[in-house]
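The structure appears right after this line, and notes come after that.
The values are calculated or read from the model by the stated rules, or taken from the named source; none is laboratory data. All figures in this text were calculated on a predicted structure; none of them were measured in a lab. Cβ: placed from backbone, ideal geometry, glycine included. Neighbour counts: every protein chain shown. Note: accessible area is taken over every heavy atom of the protein model, side chains too, but ligands, DNA and RNA are not part of it. Shrake-Rupley method; radii C 1.70, N 1.55, O 1.52, S 1.80 Å.
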Amino acid sequence: MISLYKQYQSRLKTLNACDFGDLLLHMITIFQSHQDVLDQYHRRFKYIMVDEYQDTNVAQYLWLRLMAQKSKNICVVGDDDQSIYKFQGANVENIFDFYKKYESFAKLIVLDQNYRSSQSILDGSNAIIKNNDERLVGKVEGLNKEIVAANNEVLGIQNALQIVEYPNLFHEIVGITAKLKKLRDTGVPLKNVG
């Protein structure tokens, strides 16, 4: 694997090219070794906003830290309960590290109202998520992430959550299709299912 990576890097150099990961690594290297270049970026970018921060990797974290070190005008939006890119190097701990680094002047805002799901769906999700040991709840004093349904159109929906375990993907497809057909046959518009 190392040999293949070296060949890949050599080919990129021959082509005077780089991939996305290299762009970040090269910028980190330049920022760390050329303060004048970093100063130019500090003057140009006074405010930084990052969405989906829970899916940032180590290189992105370091790059952002360098970019924000002077002004400290950085806003990150993320939800540790929605981190899904660990397989691509995302590190959900970046959220906690960010909070600890800027805790003295950071403002933590918890969005605790959901406008898409019924309370039963949220309760079911929370029952599963609370078992995740990589959550900020418990690491940040006083943090409560109990989310409530806030959309009047879904407030009255009860028993919307049903947990069904299928032995394999084929059985899952057949089972869900049969349930959808039954709902349709009883007059429920399929656009209302979901």
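Anything in the range 1-59 that is acidic (Asp, Glu) and in contact with a Ser or Thr (Cβ under 8 Å, 6 or more places away or on another chain)? List them, or say none.
Initial filter on the range 1-59 (acidic (Asp, Glu)): 19, 22, 36, 39, 51-52, 55.
Listed by number, the list holds a single entry, ASP55.
Can you confirm whether the range 25-38 contains a residue that is among the charged types (D, E, K, R) and surrounded by 11 or more Cβ atoms within 10 Å (Cβ to Cβ)? Spell out how you get there, then give the answer.
Taking the range 25-38 as the starting set, the residues that turn out to be among the charged types (D, E, K, R) are 36.
Narrowing further to those that are surrounded by 11 or more Cβ atoms within 10 Å (Cβ to Cβ): none.
No, the range 25-38 contains no residue that is among the charged types (D, E, K, R) and surrounded by 11 or more Cβ atoms within 10 Å (Cβ to Cβ).
Hey, could you check the range 39-61 for residues that are touching a strand residue (DSSP E or B) at 6+ places or on another chain (Cβ under 6 Å) and surrounded by 11 or more Cβ atoms within 10 Å (Cβ to Cβ) and say which is farthest from GLN88 (Cα to Cα)? Let's see the steps before the verdict.
Narrowing the range 39-61 to residues touching a strand residue (DSSP E or B) at 6+ places or on another chain (Cβ under 6 Å): 48-50, 53.
Going one step further and asking which of them are surrounded by 11 or more Cβ atoms within 10 Å (Cβ to Cβ), we end up with 48, 50, 53.
Details: ILE48: 23, VAL50: 18, TYR53: 14 Å.
Filtering first and then ranking leaves ILE48.
Would you pick out the residues in the range 103-120 that are open to solvent by 80 Å² or more (accessible area, probe 1.4 Å) and aliphatic (A, V, I, L, M)?
Of everything in the range 103-120, those that are open to solvent by 80 Å² or more (accessible area, probe 1.4 Å) and aliphatic (A, V, I, L, M) turn out to be LEU108, ILE109, LEU111.
Here are LEU183, LEU161: which of them is under 27 Å from the mean Cα position of the chain (by Cα) and either farther than 27 Å from GLN82 by Cβ or open to solvent by less than 80 Å² (accessible area, probe 1.4 Å) (or both)?
LEU161
Restricting to helices (runs of 4 or more DSSP H) lying wholly in the range 53-150: which have 3 or more residues that are at pLDDT 85 or above and more than 28 Å from TYR41 (Cα to Cα)?
On the way: elements: 58-68, 93-102, 119-129.
The helices (runs of 4 or more DSSP H) meeting that bar are 119-129.
VAL77 fails exactly one of the following numbered conditions: (1) of a type outside the set (S, T, N, Q); (2) more than 29 Å from ASN126 (Cα to Cα); (3) open to solvent by 40 Å² or more (accessible area, probe 1.4 Å). What is the number of that condition?
(2)
What do you reckon, is TYR5 out of contact with any Lys or Arg (no Cβ under 8 Å at 6 or more places or on another chain), under 30 Å from GLN113 (Cβ atoms) and aromatic (Phe, Trp, Tyr)?
The answer is no for TYR5.
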